[in-house]
1. Quick check on Leu196: is it within 26 Å of Met301 (Cβ to Cβ) and either modelled with pLDDT of 95 or more or open to solvent by 20 Å² or more (accessible area, probe 1.4 Å) (or both)?
2. Would you confirm, using the coordinates I've provided, whether Phe95 is under 20 Å from Tyr2 (Cβ atoms), crowded, with 18+ Cβ neighbours inside 10 Å and in contact (Cβ under 8 Å) with a residue 12 or more places away in the chain?
3. Filter the range 283-302 down to residues that are in contact with a Lys or Arg (Cβ under 7 Å, 6 or more places away or on another chain) and touching a residue at least 40 places away in the same chain (Cβ under 8 Å) and give me whichever is farthest from Pro339 (Cα to Cα).
4. Output the residue which, of all residues in the range 21-44 that are open to solvent by 40 Å² or more (accessible area, probe 1.4 Å) and in contact (Cβ under 8 Å) with a residue 60 or more places away in the chain, is farthest from Cys454 (Cα to Cα).
5. In this structure, does Ile237 turn out to be touching a Leu at 6+ places or on another chain (Cβ under 6 Å), in contact (Cβ under 8 Å) with a residue 24 or more places away in the chain and among the β-branched types (Val, Ile, Thr)?
6. Gly101 fails exactly one of the following numbered conditions: (1) over 19 Å from the mean Cα position of the chain (by Cα); (2) open to solvent by 10 Å² or more (accessible area, probe 1.4 Å); (3) under 18 Å from Arg21 (Cβ atoms). What is the number of that condition?
7. Out of all the residues in the range 27-37, is one or more at pLDDT 95 or above and in contact with a Pro (Cβ under 7 Å, 6 or more places away or on another chain)?
8. Give me the pairs: first residue in the range 55-81 and closer than 30 Å to Ser445 by Cα and open to solvent by less than 40 Å² (accessible area, probe 1.4 Å), second residue part of a loop (DSSP other than H, G, I, E, B) and of a type in the set (Phe, Trp, Tyr), beta-carbon distance under 6 Å, and six or more apart or on different chains, which are they?
Amino acid sequence: EYIRLIKEGDYQGSIQVIKERNPFPTVISRICPAVCESSCRRLLTDEPVAINHLKRFVCDYEMNQKNRSLPYKAPQTDKRVAVIGGGVEGLSAAFFSARLGHAPTVFEASDQFGGILRQAIERKRLSMDVLDWDIEGIEEMGVVLSPNRRMGEDITIAGLLRDGYDSVFTATGGWDSRLARKEADKTANIFPGTYLLIDLLRLQAQIKAGQSAVIVGDSVKLPEAVSQLKEMGVKEITILLRAFEQDEAVDTDRIKKLQEAGADVRFGCGITKLAGLDEKLTGIETIALDTGVQSDIYTDMLIIGSGRFPEVVFTRTVETDVAGDSDAVEQAGADNRGPVKWEGVELIKKPDSGLELGLLSSQDMISEYPSAVAAINGGRKAAAAIHNRMYGIEYQESQGIIGDRTRLQTVHALDLVAPLPRHIMQTDTALKDRFSTGYSTQEASGEAERCLRCGLVCYEKSDSAG
């Protein structure tokens, strides 16, 4: 659709369409590996349409005109959303939450937003004025940016919920983000009572031990971790593994050592929910991956065996007090004078995912996202999960959804499509801060003409469709 608008000369309309699914269009049009072009059907005749270069053309047009277009937003709601982490995923989650009508605030530990985009991309490929332009567009959507707010010190999950936020989402990035902030030697404590396994092994003195601990995720360092927890005074240790006991990948010798050390090893388990009261973790909810049976484990310490904290949506819950007056408890919370009982749930999994429920599945990020585009997609998925969680909407599985194992009819040849050379975007070595000047108006128009508009073809028609 956006290419059709380029062909018609409606550049502002084109960028508006792009922004419906991409809050960083000017950035992405410069750094994206453009893997989508490998599916372009012009490959059956000559070369794929320069999808990314065309996006850059309209993005540059907008930026040079300084006339920003914004996508449509839903009517304003009364919901406030706190997003922890000002990288690509966090900013994207806030952007899409704003599109849903909510009022999001992004809290960032450093004084700058953009995450790895600001730290790791070569300047001649991505100048900071381009990144700033896209971030300013996110702000114009109604997203509030709050820098220098460190989780666990300046803000906490319970504190944000007490302050009136209806949901808190964690998008704090992986180990790479901590290295970029020069915080490798400082323990991260994003969730109450929760630490990364790498921090337990390296920074034991900075970790506050609980009475019981749950370790989720397999690692060759598990025996060492169990030993350290014992030295710290932890009395009960449970290890949750996603693998089943009969799987070939399971190291039986290591499992035996863990059991001999007193650890309770549970196979085929995933964590679907965290629960806590104020600044304390009180327990987790697990699911048996083969049967779907859920059970609770009461614990005040959780060790995550990955390179990042999972993406979790936190909301406040109300619990009846001893006298049974739930209204009084709710009013106390609203007056900011009562305890905050909270729970955190995982993001929605793909409907055809099989045994993928629970944290640290193959669908969850265990380090940084492989690309900025993937992080944007993660933010969009998070916004949907936040919205559903705040309104108590159950996930609705679509009928006939295309999954990873779906067999599709496709096209293997093109008739009556004459070869038309792709327009090459020239580089300019004289420019110090940009890789290329981009397409001219004539080049963009010519490249847009190469599009076959495959996305507008309807492959299945019913009688009602006409």
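The values are calculated or read from the model by the stated rules, or taken from the named source; none is laboratory data. Keep in mind it's a predicted model, so treat the numbers as computed, not measured. Glycine also receives a Cβ, built like all others from the backbone with ideal geometry; neighbour counts cover every protein chain displayed. With ligands, DNA and RNA removed, areas are computed over all heavy atoms of the protein, side chains included. Shrake-Rupley method; radii C 1.70, N 1.55, O 1.52, S 1.80 Å.
1. Numbers: within 26 Å of Met301 (Cβ to Cβ): yes; either modelled with pLDDT of 95 or more or open to solvent by 20 Å² or more (accessible area, probe 1.4 Å) (or both): no.
Criteria not met by Leu196.
2. Values: under 20 Å from Tyr2 (Cβ atoms): yes; crowded, with 18+ Cβ neighbours inside 10 Å: yes; in contact (Cβ under 8 Å) with a residue 12 or more places away in the chain: yes.
Spelling it out, Phe95 is indeed under 20 Å from Tyr2 (Cβ atoms), crowded, with 18+ Cβ neighbours inside 10 Å and in contact (Cβ under 8 Å) with a residue 12 or more places away in the chain.
3. Initially, the range 283-302 is screened for residues in contact with a Lys or Arg (Cβ under 7 Å, 6 or more places away or on another chain), giving 284-285, 289, 300.
Now drop any that are not touching a residue at least 40 places away in the same chain (Cβ under 8 Å), which leaves 284, 289, 300.
Numbers: Ile284: 19, Leu289: 33, Asp300: 17 Å.
Taking the candidates together, the pick is Leu289.
4. Applying the first criterion (open to solvent by 40 Å² or more (accessible area, probe 1.4 Å)) to the range 21-44 yields 21, 33, 35-36, 38-39, 41, 43-44.
Narrowing the set further to residues that are in contact (Cβ under 8 Å) with a residue 60 or more places away in the chain leaves 21, 33, 41, 44.
On the way: Arg21: 19, Pro33: 21, Arg41: 8, Leu44: 13 Å.
Among those residues, the one meeting the criterion is Pro33.
5. Working: touching a Leu at 6+ places or on another chain (Cβ under 6 Å): yes; in contact (Cβ under 8 Å) with a residue 24 or more places away in the chain: yes; among the β-branched types (Val, Ile, Thr): yes.
Yes.
6. Unmet for Gly101, out of (1) over 19 Å from the mean Cα position of the chain (by Cα); (2) open to solvent by 10 Å² or more (accessible area, probe 1.4 Å); (3) under 18 Å from Arg21 (Cβ atoms): (2).
7. No - not one qualifying residue is present in the range 27-37.
8. Short answer, once both residue conditions are applied: Phe57/Tyr439.
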